[in-house]
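Structure first, then comments.
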Amino acid sequence: MYRGRIEKDFNIWVSKGMLGADAAKAMLAEYDSRETVFSAGRVLLVLAAVLLSAAILLLVAANWEAIPRLVRVGGIVALIWAFYLSAAVCLGRGWRGMGAAFLVLGTMTFGGAIALVGQMYHLSGDAAEALLVWFAAACVAALAFRSAALSVISGFLAWAVFGQLVMDNDASLAGNGYIYFIPGLIVLVIALVRYTNAGAARHLAYLLALAWLGWLYLELPEVWLAAALFGLGLLAFLLVSLPMSPLYRFAQEAGAAPAFYSFALAILGLAVLHAEMDGVGQEVALGATTLGVALGGIAVAGRLNGAVRFLGYAVFAVEILYLAFETLGSILGTSGFFLISGVVVGLIAWLVIRLEKRLAATSAVEGI
């Protein structure tokens, strides 16, 4: 999608004489040569590896009773070594797609080996511990081969650990202590993303952070925790969005995600605070705060970050409608509420148009 968009822009600029044809071709060729560029062939190879891995895991689950234990263990260990060695050979020859596929096969087979050994020898322990071992192995392999594909696998395994812990009856504040490892897993995934240049995998880490904090609030539904989530998200958003912040340059290298997800955390905190508030006065005060945060987020990062701008608009619109329903709507009835909603939505549309024009004008001036 992005490649097609820049090619279209280049063609327009070339037709207007703003860019030379040779320069446009050179820039497109440089973009296509990057390792991070989407390749359907590589994606299909990795998907094939995942399907083959699923077949191996299903065979392991079948527990081949007719085959001696040592033969089974030796066979699956040999498969792991064969896949990793094949990956090393492919990467050494520059066949990165095949190398990534073999790395995925090796890592997935390692997970099958954990299940096989536990199944045969009836080892004690739960699924979360096995997933943690699997996650650690994936991280080591990702570091050793500097593999973006394995960074993605590590992100999914971190989610698997979290999901398993949440489904366990012991996953509570006083239960399974492994639930507190989740922030560490998030940090490891983000570090792998930066080391292996696996841009898409960072979303798995950020979403997991939001999910873990949401789980924390569900386990401890207190006003102070909701306020802490809001404060933490707002502080993080300002640290990654304001140019004078020491983290601004670091965050810009990671793209739009840090600002968006920190802003989303602040909105999450405000959302749960709405559930804690009681009384029209408190709701109006919190509503005004929410509107201020939404507009502030657009003003601070909306010009360069479309995701933050969209979320800010959405929160602003939803909050206005919520306040209208909680105050005037209850007085005027359903028809009055819809009338007010229509007027409010029209005003929001007018405000959005004005803001978009202002942001576009600011961008044009700074470009000059």
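The values are calculated or read from the model by the stated rules, or taken from the named source; none is laboratory data. What you see is a predicted model, and the numbers here were worked out from it, not measured in a lab. Note that each Cβ is placed from the backbone with ideal geometry, even for glycine, and that neighbours are counted across all protein chains shown.
If we scan the stretch 123-133, do we find a residue that is more than 22 Å from residue 185 (Cα to Cα) and either more than 24 Å from the chain's Cα centre (by Cα) or modelled with pLDDT of 85 or more (or both)? Yes. Among all residues of the stretch 208-231, there is none that is surrounded by fewer than 20 Cβ atoms within 10 Å (Cβ to Cβ) and closer than 30 Å to residue 90 by Cβ.
Apart from one condition, residue 55 fits all of (1) of a type outside the set (D, E, K, R); (2) surrounded by 18 or more Cβ atoms within 10 Å (Cβ to Cβ); (3) modelled with pLDDT under 75; the exception is (2). For the stretch 328-338, the condition of being more than 20 Å from residue 229 (Cβ to Cβ), at pLDDT 65 or above and hydrophobic (A, V, I, L, M, F, W, C) holds for none of the residues.
Per-residue answers, yes or no, for (1) part of a loop (DSSP other than H, G, I, E, B); (2) at pLDDT 80 or above; (3) farther than 22 Å from residue 154 by Cα:
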position: 66; (1), (2), (3): yes, no, yes
position: 72; (1), (2), (3): no, no, yes
position: 82; (1), (2), (3): no, yes, no
position: 85; (1), (2), (3): no, yes, no
position: 88; (1), (2), (3): no, yes, no
position: 107; (1), (2), (3): no, yes, no
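Could you list, in sequence order, all residues of the stretch 162-181 that are outside any loop (DSSP other than H, G, I, E, B) and modelled with pLDDT under 90? Across the stretch 162-181, the qualifying residues are 163, 164, 165, 166, 167, 177, 178, 179, 180, 181. A single member of 241, 245 is touching a helix residue (DSSP H, G or I) at 6+ places or on another chain (Cβ under 8 Å), surrounded by fewer than 16 Cβ atoms within 10 Å (Cβ to Cβ) and at pLDDT below 90, and it is 245. Within the set 179, 153, 190, the sole residue that is more than 16 Å from residue 271 (Cβ to Cβ), in contact with a Ser or Thr (Cβ under 7 Å, 6 or more places away or on another chain) and surrounded by 15 or more Cβ atoms within 10 Å (Cβ to Cβ) turns out to be 153. Is one or more of the residues making up the stretch 159-174 in contact (Cβ under 8 Å) with a residue 24 or more places away in the chain, touching a Ser or Thr at 6+ places or on another chain (Cβ under 9 Å) and over 18 Å from residue 267 (Cβ atoms)? No, because not a single residue in the stretch 159-174 is in contact (Cβ under 8 Å) with a residue 24 or more places away in the chain, touching a Ser or Thr at 6+ places or on another chain (Cβ under 9 Å) and over 18 Å from residue 267 (Cβ atoms). Listed here are the helices (runs of 4 or more DSSP H) enclosed by the stretch 189-308 that have at least 3 residues being free of Cβ contacts under 8 Å to residues at least 60 places away in the same chain and closer than 27 Å to residue 156 by Cβ: 202-219, 223-241, 248-253, 257-276.
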